[in-house]
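The values are calculated or read from the model by the stated rules, or taken from the named source; none is laboratory data. Just so we're clear, the structure is a prediction, and the values are computed from it rather than from any experiment. A quick note on method: Cβ atoms are made from the backbone with ideal geometry, for glycine too, and the neighbour counts reach across all protein chains shown. For the accessible areas, the whole protein counts, side chains as well, though only heavy atoms, and no ligand, DNA or RNA atoms are used. Shrake-Rupley method; radii C 1.70, N 1.55, O 1.52, S 1.80 Å.
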Amino acid sequence: MMSTTGTPEAPRLDDVARWPQWRGAPAQVQRRDLAPGLRLWTRGAFTLRDEGGVGGLGLLITPSTPGCTQRPEEVLAGWVAGRHSGEQALRGRYVFLLWDGPAQRLVTYTDAFRTHPVYHLRVGGTVVIASDLRLALAAGVMEPRVNLSSVYHYLNFSYIPAPHSAIHGVNKLPAGSLLDAGPARESIRRYWDAVYPADNRAAEDDRVNQLHDTIVQTVQRYRPQGGTGAWGTFLSGGTDSSSISGILGRQVAGEKVASYSIGFAEEGYDELGYSQIASRYFGLDPHERRVGEDEAVAAIGELVQAFDEPFGNSSAIPTYYCADLAAADGRGLLVAGDGGDEIYGGNERYLKDRIFEMFHTAPAVVRGLGHGLAGLLKGSDARLANRVKNFVYRGSLPNPDRFYSDDSFASDCYEELLSPDFRQAVGINESLQVQRDIYAQAQADCTIHRLMYLDLKMTIADNDVTKVVRAAKRAGVAPVFPYLDQDLVDFTGHLPGSDKVNGTAKRYLFKKAAVRLLPEEIIKKKKQGFGLPVSVWLRRKGPMHDLVADVLLSDRAAARGYFNREHIQHLWRRHERGAWDHASELYMLLMLELWHRALVD
């Protein structure tokens, strides 16, 4: 914290009980007075250097291969010697805070996908930089007030996208960005971004070989140091986690890599069969657990504490239990497969968008027939009729509006769901504009690359990475992400869009390269990941059904004045009778209310 009005006090930051908790969290907070008006509170392990009020601290988790990234000591030495911030020479997961007390200057940056969050706020001449929203508020320089625009974004995306935060006046530093601040000035610049020149003109067989070799080299660079008793891999049985587990499992002869997998009893949600195929094929040391409905409900309380903002992605539950399983074995690091869909072209939405585009560009007579059919079905609330109407509506939109319509809960029922006071505070297109702005920033040659860019900035940096990092940290585990390596992302940006989605084939080039990496059953399997059967649980009487009903339909929730309770009841009834699957919306609403109770009330 930096202040022009004297050394900031913030006594609440001295109390470790105010700090986020997780398994194995350090029990002490250390306060340092670095220079007049500059005070630092820390907890845990990191690299620190300070010479006469000039210095910094840094944390670098991966990659561990010598020579592929600067060490924190080198970055801090460069800052002390010549005020060089050093962000261009780093790879993997990292965050740095640098200071120049005599110049009243703070510089902070996070990695390419914001795996380490940074919050910042300014009140008068005081600047606060924190690793958690709760710590930013504990500084006590402002009265916290919930940001309704951010709540609206949450209701559309299931998370709050950077730079927005849940509290007015507090911002999140976007991925791959650097903040340079002083008491009277502030600037943010992006130092890395995904680009798509799509200029790799090599023959297809050569591109397949290039991709295969680049994947293997990248994953091997991220092999954690030390023996395999200290780390393992997430293994869902999908192509990404399986390929990473397999590459690491075969990298060092005689060293078995531990894999961790979660399954469910409900049909269609259990992928342990595929994770078992992968573990046998690669000779892994498999660890498995099936999670029941009671355990899923029990995890929700843990996850409310794990996230400092409302977070509505229910796959955080199996992610938490997977990390918990590893922590119980004494493993503190797991290698994750996140990012593969978004750099290789595996997201189901990319193929769906291509189908929507066919309708969007079809002759007028075809589109007219579609709209006519949708009109005839207007009065029906049957599931098939709803799917037809949804297809015609979305197929009539241009991108990115069409892509947004896949994540637009609050926008779709703006009048019905939101109270008049809420609607007065937010415009219906505020969340859509977030995606429009990002889509317009893409340096890309085709639609598929612009959509992949949008997903990297939002689905990955703000959703998937946040989910895995926070859920795993609560269990006492740190994840790493080889498929989000900047050099690998850069390489795939040079591949043409047809290498990602080719006709109806997703991951076109990756699957050709994966023939040498994966068993055929996994290459051909349908993607699922760490999904869970919330939809099933909410249609039957049980602990999840009861929790959601008790919370969402409570007077306490209604008293916030955000929603029309009648519409929430309407969504519930539609879900129960199978007219539409509203499980994700109901879960989002649940986690929003529980966040308020735990961290706001």
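Answer yes if at least one residue in the stretch 97-109 is of a type in the set (Val, Ile, Thr), outside any loop (DSSP other than H, G, I, E, B), within 26 Å of Lys473 (Cβ to Cβ) and in contact (Cβ under 8 Å) with a residue 60 or more places away in the chain, and no otherwise.
yes
Considering the stretch 466-512 alone, what residues qualify as being more than 30 Å from Ala202 (Cα to Cα) and aliphatic (A, V, I, L, M)? Working first, answer last.
Of the residues in the stretch 466-512, the ones more than 30 Å from Ala202 (Cα to Cα) are 466-480.
Listed by number, the residues that qualify are Val468, Val469, Ala471, Ala472, Ala475, Val477, Ala478, Val480.
I'm trying to understand the selection: among the residues of the stretch 47-74, which are modelled with pLDDT of 95 or more and hydrophobic (A, V, I, L, M, F, W, C)?
Leu48, Val54, Leu57
What number goes with the only condition from (1) touching a helix residue (DSSP H, G or I) at 6+ places or on another chain (Cβ under 7 Å); (2) closer than 24 Å to Lys526 by Cα that Ala475 does not pass?
The number of the failed condition is (2).
Any residue at all in the stretch 440-454 that is in contact (Cβ under 8 Å) with a residue 40 or more places away in the chain, charged (D, E, K, R), under 24 Å from Gly578 (Cα atoms) and assigned to a helix (DSSP H, G or I)?
The answer is no, given that none of the residues of the stretch 440-454 is in contact (Cβ under 8 Å) with a residue 40 or more places away in the chain, charged (D, E, K, R), under 24 Å from Gly578 (Cα atoms) and assigned to a helix (DSSP H, G or I).
I'd like the full set of residues that are open to solvent by less than 10 Å² (accessible area, probe 1.4 Å) and of a type in the set (A, V, I, L, M, F, W, C), limited to the stretch 454-480.
Leu454, Leu456, Met458, Ile460, Ala461, Val465, Val468, Ala471, Ala472, Ala475, Val477, Val480
When you check Ile428 against the structure, is it more than 19 Å from the chain's Cα centre (by Cα) and outside any helix (DSSP H, G or I), yes or no?
Working: more than 19 Å from the chain's Cα centre (by Cα): yes; outside any helix (DSSP H, G or I): yes.
Yes: the conditions hold for Ile428.
List every residue pair whose Cβ atoms lie under 7 Å apart, where the two residues are 6 or more positions apart in sequence or sit on different chains, the first residue falls within the stretch 216-235 and is within 27 Å of Arg289 (Cα to Cα), and the second residue, located anywhere, is β-branched (Val, Ile, Thr) and at pLDDT below 95.
Matching pairs, first to second residue: Tyr222/Thr62.
When both residues are 6+ apart or on different chains and their Cβ atoms are under 6 Å apart, which pairs have a first residue that lies in the stretch 138-167 and is basic (Lys, Arg), and a second that is part of a loop (DSSP other than H, G, I, E, B)?
If the second residue must be part of a loop (DSSP other than H, G, I, E, B), the pairs left are Arg145/His168.
Of the residues Gly368, Gly372, Gly379, which is among the small types (Gly, Ala, Ser), open to solvent by 50 Å² or more (accessible area, probe 1.4 Å) and farther than 29 Å from Ala194 by Cβ? Walk me through it before giving the result.
Working: Gly368 fails: open to solvent by 50 Å² or more (accessible area, probe 1.4 Å); Gly372 fails: open to solvent by 50 Å² or more (accessible area, probe 1.4 Å).
After ruling out the rest, the residue left standing is Gly379.
Residue under question is Ala77, and the condition is that it be closer than 30 Å to Leu418 by Cα and free of Cβ contacts under 8 Å to residues at least 60 places away in the same chain; does it hold?
Values: closer than 30 Å to Leu418 by Cα: no; free of Cβ contacts under 8 Å to residues at least 60 places away in the same chain: yes.
Spelling it out, it is not the case that Ala77 is closer than 30 Å to Leu418 by Cα and free of Cβ contacts under 8 Å to residues at least 60 places away in the same chain.
For the stretch 315-330, which residues satisfy the criterion of being open to solvent by 30 Å² or more (accessible area, probe 1.4 Å) and assigned to a loop (DSSP other than H, G, I, E, B)?
Going residue by residue through the stretch 315-330, those that are open to solvent by 30 Å² or more (accessible area, probe 1.4 Å) are 325, 328-330.
Within the stretch 315-330, Asp329, Gly330 qualify.
Hey, could you check the stretch 167-193 for residues that are over 16 Å from the mean Cα position of the chain (by Cα) and not in a strand (DSSP E or B) and say which is farthest from Gly86 (Cα to Cα)? Working first, answer last.
The first filter runs over the stretch 167-193 and keeps only residues over 16 Å from the mean Cα position of the chain (by Cα), leaving 167-171, 177-193.
Imposing the further condition that a residue be not in a strand (DSSP E or B) reduces the set to 168-169, 183-184, 191-193.
On the way: His168: 31, Gly169: 29, Pro183: 23, Ala184: 24, Tyr191: 11, Trp192: 13, Asp193: 16 Å.
Checking each candidate, the answer is His168.
I'm trying to understand the selection: among the residues of the stretch 253-285, which are within 26 Å of the chain's Cα centre (by Cα), open to solvent by 40 Å² or more (accessible area, probe 1.4 Å) and without any contact (Cβ under 8 Å) to a residue 60 or more places away in the chain?
Listed by number, the list holds a single entry, Asp270.
Check every one of the helices (runs of 4 or more DSSP H) wholly within the stretch 498-601 and list those with 3 or more residues that are open to solvent by 50 Å² or more (accessible area, probe 1.4 Å) and either in contact with a helix residue (DSSP H, G or I) (Cβ under 9 Å, 6 or more places away or on another chain) or among the small types (Gly, Ala, Ser) (or both).
On the way: elements: 508-513, 520-524, 534-538, 543-552, 555-558, 565-577, 583-595.
In the stretch 498-601, the matching helices (runs of 4 or more DSSP H) lie at 508-513, 565-577.
Among what's in the stretch 202-235 and is in contact with a Cys (Cβ under 9 Å, 6 or more places away or on another chain) and not in a strand (DSSP E or B), pick the residue that is most open to solvent (accessible area, probe 1.4 Å). Quick ask: steps written out before the conclusion?
Taking the stretch 202-235 as the starting set, the residues that turn out to be in contact with a Cys (Cβ under 9 Å, 6 or more places away or on another chain) are 221, 234-235.
Filter again for not in a strand (DSSP E or B), leaving 221, 235.
On the way: Arg221: 59, Leu235: 1 Å².
Only one residue fits best here, namely Arg221.
Sort through Arg354, Arg349 and tell me the only one that's part of a helix (DSSP H, G or I), open to solvent by 40 Å² or more (accessible area, probe 1.4 Å) and charged (D, E, K, R). Walk me through how you get there before you give the answer.
Values: Arg349 fails: open to solvent by 40 Å² or more (accessible area, probe 1.4 Å).
None of the other options fit; the residue is Arg354.
Using beta carbons and a limit of 8 Å, which pairs, at least six apart or on different chains, have the first residue in the stretch 292-308 and in contact (Cβ under 8 Å) with a residue 12 or more places away in the chain and the second one open to solvent by less than 60 Å² (accessible area, probe 1.4 Å) and among the polar types (S, T, N, Q)?
The qualifying pairs are Phe307/Thr466.
Within the stretch 177-194, which residues are touching a residue at least 12 places away in the same chain (Cβ under 8 Å) and either of a type in the set (D, E, K, R) or closer than 19 Å to Gly340 by Cβ (or both)?
In the first step, residues of the stretch 177-194 are kept if they are touching a residue at least 12 places away in the same chain (Cβ under 8 Å); the result is 177-184, 186, 188-194.
Correct list: Asp180, Glu186, Arg189, Arg190, Asp193, Ala194.
Cβ-Cβ below 6 Å, separation at least six or inter-chain, first residue in the stretch 26-47 and under 22 Å from Gly182 (Cβ atoms) and of a type in the set (Lys, Arg), second open to solvent by less than 60 Å² (accessible area, probe 1.4 Å) and not in a loop (DSSP other than H, G, I, E, B): which pairs?
Hits for this filter: Arg31/Trp41; Arg32/Leu40.
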